[in-house]
Amino acid sequence: MEVPGYLQAHVAETIALESDGANKRRLWAVILGLLPYRDGDRWCVSTSTELQIAVCGFGDTPDKAIWDFEQAMYGKGGKPL
């Protein structure tokens, strides 16, 4: 699909922002030493093997689990825990 000229800058900026977000999600995994693992039919990323006390993320893919983990790290108020 060809992007019209007047939208090319916007498309490039959107792609850059999405790429940056994806890289930051992977950065959580590196900094905290997290490894996605299978938990039943889904993937899980957690700060502890004791899920009752851990910050966890679940998803259909490892990347979605890391995305969910990032959301859990920021809690419902949008501030880091």
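The values are calculated or read from the model by the stated rules, or taken from the named source; none is laboratory data. These figures come from a predicted structure and were not determined experimentally. Don't worry about glycine lacking a Cβ; one is built from the backbone with ideal geometry, like all the others, and counts go over all protein chains shown. Protein only, heavy atoms only, side chains kept; ligands, DNA and RNA dropped before computing areas. Shrake-Rupley method; radii C 1.70, N 1.55, O 1.52, S 1.80 Å.
Ligands, DNA and RNA excluded, the heavy atoms of Ile31 present near 120 Å² of accessible surface to a 1.4 Å solvent probe.
Spin-label pair His10-Leu32: with each label point 7 Å from Cα along the Cα-Cβ axis, the two points sit 3.5 nm from one another.
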